[in-house]
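Below: the structure, in C-alpha coordinates.
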Amino acid sequence: DLDTALAHARRMLQEGADFLDVGGESTRPGAAPVPAEEELARVLPLIERLAGEPGARVSVDTSKPEVMRAAAKAGAVLINDVYALRQPGALEAAAESGAAVCLMHMQGEPRSMQRDPQYKDVLREVKEFLLGRAQACLAAGIAEDRILLDPGFGFGKTREHNLVLLRGLPELVSLGYPVVVGLSRKSLLGALLGGKPVEQRLYASLAAATAAVLNGAHIVRVHDVAPTDDALKIAWAIRG
(Lines give C-alpha, C1' and ligand atoms only; values in the text may rest on other atoms or scores of the structure.)
Protein backbone atom coordinates (compact mmCIF):
# COMPACT_ATOMS: atom_id res chain seq x y z
CA ASP A 1 0.00 0.00 0.00
CA LEU A 2 1.54 3.31 -1.11
CA ASP A 3 0.40 5.39 1.86
CA THR A 4 1.64 2.78 4.35
CA ALA A 5 4.98 2.55 2.56
CA LEU A 6 5.36 6.33 2.50
CA ALA A 7 4.60 6.62 6.20
CA HIS A 8 7.17 3.91 6.99
CA ALA A 9 9.78 5.57 4.77
CA ARG A 10 9.23 8.99 6.36
CA ARG A 11 9.58 7.47 9.81
CA MET A 12 12.90 5.89 8.80
CA LEU A 13 14.13 9.24 7.47
CA GLN A 14 13.19 10.93 10.74
CA GLU A 15 15.08 8.21 12.63
CA GLY A 16 18.30 8.86 10.70
CA ALA A 17 18.24 6.77 7.51
CA ASP A 18 20.58 8.07 4.81
CA PHE A 19 19.18 5.82 2.05
CA LEU A 20 15.79 4.18 1.54
CA ASP A 21 16.06 0.83 -0.22
CA VAL A 22 12.95 0.06 -2.29
CA GLY A 23 12.41 -3.44 -3.63
CA GLY A 24 9.52 -5.16 -5.38
CA GLU A 25 10.89 -8.71 -5.46
CA SER A 26 11.92 -10.74 -2.43
CA THR A 27 15.47 -12.13 -2.43
CA ARG A 28 15.08 -14.22 0.73
CA PRO A 29 16.17 -17.87 0.56
CA GLY A 30 13.58 -19.81 -1.43
CA ALA A 31 11.94 -16.70 -2.89
CA ALA A 32 10.27 -16.98 -6.29
CA PRO A 33 10.94 -14.43 -9.06
CA VAL A 34 8.47 -11.66 -9.89
CA PRO A 35 7.61 -10.52 -13.46
CA ALA A 36 9.12 -7.17 -14.44
CA GLU A 37 5.68 -5.58 -14.95
CA GLU A 38 4.63 -6.43 -11.41
CA GLU A 39 7.93 -5.28 -9.94
CA LEU A 40 7.63 -1.93 -11.77
CA ALA A 41 4.06 -1.48 -10.54
CA ARG A 42 5.20 -2.05 -6.98
CA VAL A 43 8.26 0.20 -6.88
CA LEU A 44 7.80 3.11 -9.29
CA PRO A 45 4.97 4.99 -7.52
CA LEU A 46 6.90 4.82 -4.26
CA ILE A 47 10.23 5.87 -5.77
CA GLU A 48 8.59 8.83 -7.51
CA ARG A 49 7.06 10.01 -4.24
CA LEU A 50 10.17 9.41 -2.14
CA ALA A 51 12.47 11.15 -4.61
CA GLY A 52 10.72 14.40 -3.71
CA GLU A 53 11.07 13.93 0.06
CA PRO A 54 13.59 16.27 1.74
CA GLY A 55 16.83 14.43 2.48
CA ALA A 56 15.76 11.18 0.86
CA ARG A 57 18.22 9.17 -1.25
CA VAL A 58 16.43 6.29 -2.92
CA SER A 59 18.09 2.96 -3.63
CA VAL A 60 16.30 0.45 -5.87
CA ASP A 61 16.78 -3.23 -5.06
CA THR A 62 16.50 -4.95 -8.43
CA SER A 63 18.31 -7.16 -10.93
CA LYS A 64 16.19 -6.32 -13.99
CA PRO A 65 17.53 -3.81 -16.55
CA GLU A 66 14.09 -2.36 -17.31
CA VAL A 67 13.45 -1.73 -13.62
CA MET A 68 16.88 -0.11 -13.22
CA ARG A 69 16.22 2.31 -16.07
CA ALA A 70 12.71 3.22 -14.92
CA ALA A 71 13.73 3.57 -11.27
CA ALA A 72 16.67 5.85 -12.09
CA LYS A 73 14.41 7.98 -14.28
CA ALA A 74 11.95 8.17 -11.36
CA GLY A 75 14.67 9.42 -9.02
CA ALA A 76 16.64 6.45 -7.63
CA VAL A 77 20.31 7.32 -7.12
CA LEU A 78 21.59 3.83 -6.28
CA ILE A 79 21.02 0.43 -7.89
CA ASN A 80 21.33 -2.39 -5.35
CA ASP A 81 21.69 -5.68 -7.26
CA VAL A 82 22.08 -9.08 -5.59
CA TYR A 83 23.33 -10.45 -8.94
CA ALA A 84 26.02 -7.74 -9.20
CA LEU A 85 24.82 -6.68 -12.67
CA ARG A 86 25.32 -10.17 -14.16
CA GLN A 87 21.83 -10.47 -15.68
CA PRO A 88 21.69 -9.84 -19.46
CA GLY A 89 21.60 -6.10 -20.13
CA ALA A 90 21.95 -5.09 -16.47
CA LEU A 91 25.48 -3.73 -16.71
CA GLU A 92 24.59 -1.57 -19.69
CA ALA A 93 21.37 -0.33 -18.06
CA ALA A 94 23.22 0.65 -14.88
CA ALA A 95 25.92 2.46 -16.82
CA GLU A 96 23.34 4.39 -18.86
CA SER A 97 21.35 5.34 -15.76
CA GLY A 98 24.14 7.35 -14.14
CA ALA A 99 23.19 5.87 -10.76
CA ALA A 100 25.66 4.46 -8.27
CA VAL A 101 25.74 0.66 -8.02
CA CYS A 102 25.97 -1.77 -5.12
CA LEU A 103 27.48 -5.07 -6.29
CA MET A 104 26.62 -8.04 -4.06
CA HIS A 105 28.13 -11.51 -3.94
CA MET A 106 25.69 -14.41 -4.07
CA GLN A 107 26.42 -18.07 -4.67
CA GLY A 108 23.57 -19.48 -6.77
CA GLU A 109 20.19 -17.76 -6.80
CA PRO A 110 17.62 -16.96 -4.09
CA ARG A 111 15.54 -20.08 -4.74
CA SER A 112 18.44 -22.44 -4.07
CA MET A 113 21.34 -20.49 -2.57
CA GLN A 114 21.07 -21.89 0.95
CA ARG A 115 20.73 -25.59 0.08
CA ASP A 116 24.42 -26.49 0.32
CA PRO A 117 26.82 -23.55 -0.21
CA GLN A 118 30.44 -24.64 -0.69
CA TYR A 119 33.71 -22.69 -0.81
CA LYS A 120 37.38 -23.59 -0.65
CA ASP A 121 38.24 -20.14 0.75
CA VAL A 122 35.15 -18.00 1.18
CA LEU A 123 36.94 -14.71 1.88
CA ARG A 124 39.29 -15.05 -1.10
CA GLU A 125 36.50 -16.15 -3.45
CA VAL A 126 34.15 -13.33 -2.42
CA LYS A 127 36.97 -10.78 -2.66
CA GLU A 128 37.96 -11.96 -6.15
CA PHE A 129 34.36 -11.96 -7.34
CA LEU A 130 33.66 -8.43 -6.10
CA LEU A 131 36.89 -7.08 -7.57
CA GLY A 132 36.02 -8.70 -10.89
CA ARG A 133 32.56 -7.14 -10.92
CA ALA A 134 33.98 -3.73 -10.02
CA GLN A 135 36.39 -4.03 -12.94
CA ALA A 136 33.50 -4.96 -15.24
CA CYS A 137 31.69 -1.81 -14.12
CA LEU A 138 34.72 0.34 -14.81
CA ALA A 139 35.04 -1.19 -18.27
CA ALA A 140 31.35 -0.42 -18.91
CA GLY A 141 31.87 3.25 -18.09
CA ILE A 142 30.64 3.37 -14.48
CA ALA A 143 32.79 5.81 -12.52
CA GLU A 144 34.98 4.36 -9.77
CA ASP A 145 33.42 6.62 -7.14
CA ARG A 146 29.94 5.22 -7.92
CA ILE A 147 30.78 1.59 -7.08
CA LEU A 148 29.97 -0.06 -3.74
CA LEU A 149 30.64 -3.67 -2.71
CA ASP A 150 28.51 -6.02 -0.57
CA PRO A 151 29.82 -9.45 0.55
CA GLY A 152 26.25 -10.76 0.64
CA PHE A 153 25.81 -12.11 4.15
CA GLY A 154 23.31 -14.96 4.08
CA PHE A 155 23.29 -15.23 0.28
CA GLY A 156 24.70 -18.69 -0.38
CA LYS A 157 26.69 -18.87 2.87
CA THR A 158 26.66 -21.05 5.97
CA ARG A 159 26.95 -19.65 9.48
CA GLU A 160 30.73 -20.16 9.46
CA HIS A 161 31.07 -18.58 6.00
CA ASN A 162 29.28 -15.48 7.29
CA LEU A 163 31.48 -15.25 10.38
CA VAL A 164 34.66 -15.59 8.31
CA LEU A 165 33.46 -12.75 6.07
CA LEU A 166 32.58 -10.54 9.02
CA ARG A 167 36.03 -11.09 10.55
CA GLY A 168 37.62 -10.51 7.15
CA LEU A 169 35.83 -7.28 6.26
CA PRO A 170 39.08 -5.27 6.43
CA GLU A 171 40.34 -7.30 3.44
CA LEU A 172 37.28 -6.32 1.42
CA VAL A 173 37.64 -2.70 2.51
CA SER A 174 41.24 -2.82 1.27
CA LEU A 175 39.93 -3.10 -2.31
CA GLY A 176 39.28 0.64 -2.10
CA TYR A 177 35.50 0.73 -2.57
CA PRO A 178 32.86 1.53 0.08
CA VAL A 179 31.58 -1.70 1.64
CA VAL A 180 27.87 -2.24 2.31
CA VAL A 181 26.80 -4.79 4.93
CA GLY A 182 23.37 -6.30 5.54
CA LEU A 183 23.13 -8.38 8.72
CA SER A 184 19.95 -6.99 10.27
CA ARG A 185 17.65 -9.74 11.66
CA LYS A 186 19.34 -12.43 9.55
CA SER A 187 19.07 -16.14 10.29
CA LEU A 188 22.78 -16.16 11.17
CA LEU A 189 21.94 -14.09 14.25
CA GLY A 190 19.01 -16.32 15.15
CA ALA A 191 21.25 -19.39 14.93
CA LEU A 192 23.93 -17.81 17.11
CA LEU A 193 21.23 -17.05 19.71
CA GLY A 194 19.96 -20.63 19.84
CA GLY A 195 17.09 -20.20 17.41
CA LYS A 196 15.58 -16.85 18.42
CA PRO A 197 12.85 -15.76 15.98
CA VAL A 198 13.25 -12.75 13.73
CA GLU A 199 11.28 -10.38 15.98
CA GLN A 200 13.76 -11.06 18.84
CA ARG A 201 16.97 -10.20 16.98
CA LEU A 202 17.25 -6.45 17.56
CA TYR A 203 20.11 -6.54 20.06
CA ALA A 204 22.00 -9.06 17.94
CA SER A 205 21.46 -6.88 14.87
CA LEU A 206 22.89 -3.88 16.73
CA ALA A 207 25.95 -5.90 17.78
CA ALA A 208 26.49 -7.14 14.23
CA ALA A 209 26.13 -3.66 12.71
CA THR A 210 28.58 -2.24 15.25
CA ALA A 211 31.09 -5.02 14.58
CA ALA A 212 30.77 -4.44 10.82
CA VAL A 213 31.44 -0.71 11.13
CA LEU A 214 34.39 -1.26 13.49
CA ASN A 215 35.76 -3.66 10.86
CA GLY A 216 35.53 -0.97 8.17
CA ALA A 217 32.01 -1.13 6.69
CA HIS A 218 30.79 2.20 5.32
CA ILE A 219 27.04 1.55 4.95
CA VAL A 220 24.76 -0.83 6.86
CA ARG A 221 21.37 -1.96 5.63
CA VAL A 222 18.98 -2.23 8.58
CA HIS A 223 15.35 -2.56 9.61
CA ASP A 224 15.53 -0.78 12.98
CA VAL A 225 16.87 2.66 12.10
CA ALA A 226 16.72 4.66 15.35
CA PRO A 227 18.52 2.18 17.66
CA THR A 228 21.07 1.36 14.95
CA ASP A 229 21.74 5.05 14.41
CA ASP A 230 22.53 5.43 18.11
CA ALA A 231 24.82 2.40 18.14
CA LEU A 232 26.69 3.44 15.03
CA LYS A 233 27.29 6.98 16.24
CA ILE A 234 29.36 5.35 18.98
CA ALA A 235 31.08 3.02 16.51
CA TRP A 236 31.98 5.92 14.20
CA ALA A 237 33.35 7.89 17.16
CA ILE A 238 35.55 4.94 18.14
CA ARG A 239 36.78 4.60 14.54
CA GLY A 240 37.57 8.30 14.51
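The values are calculated or read from the model by the stated rules, or taken from the named source; none is laboratory data. Since the structure is predicted, the reported quantities are computational estimates derived from the model, not experimental observations. Using ideal geometry, Cβ is built from the backbone for each residue, glycine included, and neighbour counts are taken over all protein chains shown. All accessible areas refer to the heavy atoms of the entire protein, side chains included, with ligands and DNA or RNA removed. Shrake-Rupley method; radii C 1.70, N 1.55, O 1.52, S 1.80 Å.
Observations on the structure shown:
- ³J(HN,Hα) computed for each position of the stretch 45-61 - Karplus, 6.51 cos²θ - 1.76 cosθ + 1.60, integer Hz, glycine/proline x: x, 6, 4, 4, 6, 5, 4, x, 6, x, x, 8, 10, 9, 10, 10, 8
- One Cα centroid belongs to the stretch 182-239, the other to the stretch 60-92; the line between them spans 26 Å.
- Given (i) 16.7, 52; (ii) 17.7, 57; (iii) 17.0, 47, the label whose value is Rg and Dmax of the Cα atoms in Å derived from this model: (iii)
- Taking the accessible area of the stretch 15-64, probe 1.4 Å, and keeping the other protein chains in place, the carbon and sulfur fraction comes to 50%.
- Amide H contacts of Gly23 (H built 1.01 Å from N, in plane; Pro and chain starts excluded): Asp61 sit under 5 Å, all sequence-distant by 5 or more or on other chains.
- Per residue value of the accessible surface for the stretch 1-133 (all protein chains in place, 1.4 Å probe), Å²: 49
- Relative packing of 151-158, 66-73, which averages over residues the other C-beta atoms within 10 Å, highest first: 151-158, 66-73
- The packing ranking of peptides 219-229, 3-13, highest mean first, is 219-229, 3-13, where packing means the average number of other beta carbon atoms within 10 angstrom of each residue.
- Listed peptides 165-178, 24-37 by packing density, highest first (mean Cβ within 10 Å): 165-178, 24-37
- The apolar share of the surface of the stretch 125-240, taken as the fraction of accessible area on carbon and sulfur atoms (1.4 Å probe, ligands and nucleic acids excluded), comes to 57 percent.
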